[in-house]
Amino acid sequence: MGHEHGGMGSMHMPDLPPTTGRVLGLDLGAASPVAWLAVLLAAAYLVGLLRMRQRGISWSPLRTASWLAGCASLFYVTASGLQSYGMALFSLHMVQHMVLSMITPLFLLLGAPVTLALRVLPADRGPAGMPRRLLLAGLHSRLGQAVASPLFTVPLFIASLYGVYFTPVFDDLMATTPGHTFMLLHFLVTGLLFFGPILAIDPWPRRSGHGARMLELLLPAPFHAFFGVIVMMSSSLLLTSYATPPESWDVDPLYDQGLAGGIAWSFGEFPTVLVLAVVFFQWVRSEERSNKAADRARDRAIARGESGDDPELVAYNERLRRLAAHNP
């Protein structure tokens with residue numbers, strides 16, 4: 001890790017030109033503070049699992065695997081060559097952005113961390129129960145409902161593309177380590193806020209129907225694709241931070257920018273289809289549970305000597321009979 005480059009302030013870039021091995025390998029010396037956050041999140045989840053096991057509470061291994069996969073992806077993209085070389089190459093930064101906003105959040109949310117916390121945190125009335133009370137208060141607060149509303153999450157998701165890359169915001173954040181760290185966290189939190197109410201795995205401040213959630217998922221898709229096309233087709237450099245990669249790397253910054261646009265354009269399809277499938281199968285299972293509940297209610301009615309018919313239908317037919325009796 002050598003010389004400073006461009007207008008990056010305290011940010012350092014590798015001296016050696018990028019290769020597949022250098023980009024994909026770990027680079028702990030250049031790791032972002034976000035990488036160590038991933039380690040803390042994994043450790044906290046495992047502590048929660050240990051406490052649940054001590055209480056004899058079961059927990060899905062798939063949820064655990066999903067959470068750890070999310071933490072691993074968060075650590076990898078912020079502690080590998082994607083982090084260090086992403087400081088000089090727009091294309092690698094875009095891979096980092098897409099993973100942080102569209103892959104890592106899905107794995108973390110499928111791990112159901114809020115449900116885990118509610119089961120593990122003590123429910124005491126004293127100071128020990130404060131974390132759980134704060135969590136519940138946040139879930140039921142007006143602020144929580146506003147932040148979980150599509151009127152907030154969808155514009156935020158879109159602004160994370162247009163508002164960051166088409167304004168001076170990106171270059172300003174890239175100039176310092178705290179600014180770059182804030183940007184990485186922003187991508188992650190934006191993805192969590194957007195996908196959280198759509199997946200609806202955990203208790204959430206707002207819960208919509210399955211159809212509304214699928215529509216909410218698809219709303220940003222055209223904006224996402226259009227952003228990628230704009231970057232891909234641009235004939236001038238959009239960001240000062242990536243205007244002058246080291247000469248020894250022999251990288252054309254305009255070509256690299258086009259590559260970044262292509263990554264942004266194509267990256268959103270797989271996560272979108274995956275979430276659509278999850279919501280659709282949730283919908284199917286919900287309908288099956290409703291039908292089974294209705295069947296059980298009819299069976300209990302028949303066992304009591306009743307007709308077992310739909311109560312609303314029975315009431316409607318009775319009303320027709322009364323009308324017929326009054327008006328022969």
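The values are calculated or read from the model by the stated rules, or taken from the named source; none is laboratory data. Computed from a prediction, not measured in an experiment: that's the story for all the values here. Cβ placement follows ideal geometry from the backbone for every residue including glycine, while neighbour counts extend to all protein chains displayed.
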>> Among the residues that make up region 213-228, is at least one of them surrounded by 17 or more Cβ atoms within 10 Å (Cβ to Cβ), in contact (Cβ under 8 Å) with a residue 12 or more places away in the chain and in contact with an Asp or Glu (Cβ under 8 Å, 6 or more places away or on another chain)?
In response: no
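Listed here are the residues, each with its yes/no results for (1) at pLDDT 70 or above; (2) of a type outside the set (Lys, Arg); (3) part of a helix (DSSP H, G or I); (4) in contact with a Ser or Thr (Cβ under 6 Å, 6 or more places away or on another chain).
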position	(1), (2), (3), (4)
THR244	yes, yes, no, no
SER266	yes, yes, yes, no
LEU274	yes, yes, yes, no
VAL279	yes, yes, yes, no
ALA293	no, yes, yes, no
GLU318	no, yes, yes, no
ARG321	yes, no, yes, no
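Residues to consider are SER32, SER73; find the one that is at pLDDT below 95, within 23 Å of LEU184 (Cα to Cα) and crowded, with 19+ Cβ neighbours inside 10 Å.
On the way: SER73 fails: at pLDDT below 95.
Testing whether each residue is at pLDDT below 95, within 23 Å of LEU184 (Cα to Cα) and crowded, with 19+ Cβ neighbours inside 10 Å leaves just SER32.
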> Does ALA117 fit the bill of being modelled with pLDDT under 95 and surrounded by 22 or more Cβ atoms within 10 Å (Cβ to Cβ)?
Replying inline: no
>> So, in region 62-114, exactly how many residues are of a type outside the set (A, V, I, L, M, F, W, C) and under 16 Å from the mean Cα position of the chain (by Cα)?
In response: 11
> What are the residue pairs meeting all of these: first residue in region 182-202, first residue more than 19 Å from ALA159 (Cα to Cα) and touching a residue at least 40 places away in the same chain (Cβ under 8 Å), second residue assigned to a helix (DSSP H, G or I) and not hydrophobic (A, V, I, L, M, F, W, C), Cβ atoms under 6 Å, and 6 or more apart or on different chains?
Replying inline: ASP202/THR115
> What number of residues within region 76-99 satisfy the criterion of being farther than 24 Å from TRP265 by Cβ and surrounded by 23 or more Cβ atoms within 10 Å (Cβ to Cβ)?
Replying inline: 1
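Could we say that GLY25 is at pLDDT 90 or above, surrounded by fewer than 15 Cβ atoms within 10 Å (Cβ to Cβ), more than 22 Å from HIS186 (Cα to Cα) and of a type outside the set (A, V, I, L, M) here?
Judged against the criteria, GLY25 is a match.
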> In region 140-152, which residues are in a helix (DSSP H, G or I) and buried (at least 17 other Cβ atoms within 10 Å of the Cβ)?
Replying inline: VAL147, PRO150
> Residues that are farther than 21 Å from VAL279 by Cα, out of contact with any strand residue (DSSP E or B) (no Cβ under 8 Å at 6 or more places or on another chain) and not basic (Lys, Arg): which helices (runs of 4 or more DSSP H) entirely in region 153-236 hold 2 or more of them?
Replying inline: 169-174, 177-199, 221-233
> Yes or no: PHE107 in contact with a Gly (Cβ under 7 Å, 6 or more places away or on another chain) and surrounded by fewer than 21 Cβ atoms within 10 Å (Cβ to Cβ)?
Replying inline: yes
